[in-house]
Amino acid sequence: MSVPGRTKKVVSSSQTKADYLPAFLSFLFFLLSLPFLPAGYNSRMVFFGTALLGFSGGLLGTFILLRRRALMGDALAHSTLPGIAIAFLVSPLFGIEGKSLPLLLLGGGISGLFGVQVVRFLVRRTRLSEDAAIGAVLSVFFAAGVVLLGVIQIIGRGNEGGLNHFIYGQTVSLTSGDVASFVVLAVVFSIVVGLLFKEFGIVCFDDSYAESLGLPVQLIDYLLMALLVLVILLGLQAVGLLLVVAILVVPAAAARFWSVDLKVLTLTGASFGLLGAAIGVLLSAEYANLPAGSVIVLCLGVIFLLSFLLAPQRGLVAAMIFSTRNRLQVAEEHLLNLSPDKIDFFVIVRLGGRVLALLLLLRLLRQRIVYYHLGGFELTLRGLERARVIRRNHKLWHAYLRKFSHLPLSHVNYSTDLVEHVLSPEIVAALEAELHDAAGAHG
C-alpha cells in the first residue's frame with residue numbers, strides 16, 4: 001500500500017557507503033582547515049597523528065591500569081633503548097647504511113619484550129617483588145642503552161644523529177608515514193577493543209573468574225601486552241621512551257575520577273588522551289622552543305589535576321562537600337537530640353568547632369528549624385517536630401540493641417550513636433514492628 005504523494009526509494013548498501021564516503025572526506029578536509037590548527041599541511045598532519053596516538057594510548061591505558069600493568073609498560077619503554085642501539089650497530093650486516101626506522105623499532109620491540117620477560121623471570125624465580133624487579137630491569141636496561149649510544153658516538157659512522165630523540169622524543173620530525181601508522185593504530189585499537197571489550201573487562205577485573213568462564217586469560221594478557229608494545233614503539237618518536245608511558249597511564253587515571261562504568265571509563269580515557277595530545281601539540285607549535293612531548297605530558301597532567309579536584313562524584317572538592325554535609329547532618333541530629341527547645345551556640349562549638357558551628361547555624365536557619373529570638377536561637381515548630389523524630393529514632397535503635405544484641409550498655413550507647421544517623425523510614429518502621437512483636441510475645 002503506497003502513500004499518495006510519496007515514493008519509496010530503495011538504496012543498496014554499496015550506494016549508502018558511496019554516499020557516506022564523500023561526506024567523511026569533506027569532514028576530514030574541514031578538520032584540516034580549522035583556523036586554530038598549526039599552519040602548514042605537515043604541521044596539521046603531525047597534530048592529527050599525535051592526537052590519534054593520545055587516543056590510542058588512553059583507550060588501551062584503561063585496561064593496562066585495571067590490569068595493573070602500568071609499571072610493566074614503563075619497564076618495557078626503558079628496555080627498548082639498548083635494542084634500538086644494537087639494531088643501529090648491526091644494520092650494515094643487512095646492507096643498510098642509513099637509519100632504518102622499521103629496523104630500529106624492531107630492535108627496540110625485541111629488547112623491550114626481553115626486558116619484560118626478565119622481570120617475570122625475576123618475580124617467579126626469586127624473592128623479589130614485582131616493583132623491585134621492574135626497578136632493577138628498568139634502570140639496568142636504560143643504562144645499557146645510554147652506554148651503547150655513547151659507543152655509537154665514539155665509532156662515528158656519520159649517520160648516528162637523531163638516535164637520542166628516542167629518549168626525549170621529537171614530535172616535529174614525524175613523517176606522513178608515521179602519521180599513517182598512528183591512524184592505523186587508532187583504527188586497530190578501536191576494532192580490537194570493540195570486539196573484545198567484555199573479555200578485556202572480565203580479565204582485568206577478575207582473572208580467576210575469567211578462567212572459570214573458560215576465557216583464555218593468558219592469550220588475552222599477551223594480546224594486551226602486544227598492543228602495549230605497539231603504542232610504546234610508535235610513541236617513541238613523538239614523546240620519547242621516558243614519557244611514553246604517561247600517554248597510557250595519565251588519561252586512564254584521570255578518567256577514573258569521573259566514572260566507575262567501564263564503557264564510560266574507556267571512552268573518557270581515550271578522549272582525555274586525545275585532548276591532552278592535541279592541546280600539547282598546539283602549544284608547542286605556538287611556542288617554538290617548547291618540546292612537544294613534554295608539553296603533551298604536562299597537558300595530560302593538568303587534565304588529571306582538574307579531574308582530581310573537580311570530578312562531580314569522586315573529585316576532591318566533591319568529597320569535601322560530601323564530608324562536610326555528613327558532619328553537619330550528624331552535628332544537627334546530636335544538637336536536636338540534646339537541646340529540648342533552645343539552641344546554645346557553645347554546645348554547637350563543642351560538637352565540631354567554630355567553623356562547623358557557623359555552618360550548622362546557617363543550615364538550621366535556612367531549613368527554618370531555628371529562629372533568632374530575644375538574644376538566642378529557639379526551635380521552630382518544624383524544628384520541634386524534627387527533634388521529636390530524632391529522639392524517637394534514637395530510643396528505638398537503643399531499645400532494639402539492648403533487647404536483641406546482648407551488648408554491654410557502654411557498647412550499646414556507642415553503637416546507637418554511630419548508626420542512628422543512617423536510619424531510613426523503612427528501617428524505623430521495621431524496628432517499631434520488631435519491638436512491638438517482641439513486647440506482645442513477652443506479654
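The values are calculated or read from the model by the stated rules, or taken from the named source; none is laboratory data. These numbers come from a predicted model, not from an experiment. A quick note on method: Cβ atoms are made from the backbone with ideal geometry, for glycine too, and the neighbour counts reach across all protein chains shown.
Annotations for the structure displayed:
- Neighbours by Cβ (under 8 Å, 6+ apart or cross-chain): first from segment 415-443, in the same structural domain as Ser323 (by TED's automatic domain parsing) and within 22 Å of Arg325 (Cβ to Cβ); second surrounded by fewer than 15 Cβ atoms within 10 Å (Cβ to Cβ) and at pLDDT 75 or above: His421/Gln329
- As for segment 402-416, it holds no residue that is at pLDDT 80 or above and in a helix (DSSP H, G or I).
- Filter result (surrounded by fewer than 24 Cβ atoms within 10 Å (Cβ to Cβ) and farther than 16 Å from Ala226 by Cβ) within segment 63-86: Leu65, Leu66, Arg68, Ala70, Leu71, Asp74, Ile86
- Looking only at residues in segment 378-400 that are buried (at least 19 other Cβ atoms within 10 Å of the Cβ) and out of contact with any Asp or Glu (no Cβ under 8 Å at 6 or more places or on another chain), the one that is nearest to Leu418 (Cα to Cα) is Ala387.
- Evaluated against (1) out of contact with any Ser or Thr (no Cβ under 9 Å at 6 or more places or on another chain); (2) over 30 Å from Pro92 (Cα atoms); (3) touching a residue at least 12 places away in the same chain (Cβ under 8 Å), Gln170 falls short on exactly one condition, (2).
To keep it simple, each residue is scored yes or no on (1) outside any helix (DSSP H, G or I); (2) modelled with pLDDT of 90 or more; (3) closer than 17 Å to Ser43 by Cβ; (4) in contact with a Ser or Thr (Cβ under 9 Å, 6 or more places away or on another chain).
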position	(1), (2), (3), (4)
Ala246	no, no, no, no
Pro251	no, yes, no, yes
Ala254	no, yes, no, yes
Phe257	yes, yes, no, yes
Val260	yes, no, no, no
Gly269	no, yes, no, yes
Gly280	no, no, yes, yes
Leu283	no, no, yes, no
Val295	no, no, yes, yes
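- Any chance Gly276 is at pLDDT 90 or above, surrounded by 19 or more Cβ atoms within 10 Å (Cβ to Cβ) and closer than 16 Å to Gly49 by Cβ: yes
- If you go through segment 279-305 and keep only what is touching a Phe, Trp or Tyr at 6+ places or on another chain (Cβ under 9 Å) and farther than 15 Å from Gly235 by Cβ, you end up with Leu282, Ala285, Ile303, Phe304.
- Taking the listed residues Leu103, Leu32, Leu122, the one that is at pLDDT 85 or above, in contact with a helix residue (DSSP H, G or I) (Cβ under 7 Å, 6 or more places away or on another chain) and aliphatic (A, V, I, L, M) is Leu122, with no other qualifying.
- Candidate set: segment 192-243, residues that are of a type in the set (Asp, Glu) and part of a helix (DSSP H, G or I); chosen: the one farthest from Leu105 (Cα to Cα): Glu211
This table checks each residue for (1) modelled with pLDDT of 85 or more; (2) in a helix (DSSP H, G or I); (3) under 30 Å from Leu309 (Cα atoms).
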site	(1), (2), (3)
Ser323	yes, yes, yes
Leu328	no, yes, yes
Asn337	no, yes, no
Tyr372	no, no, no
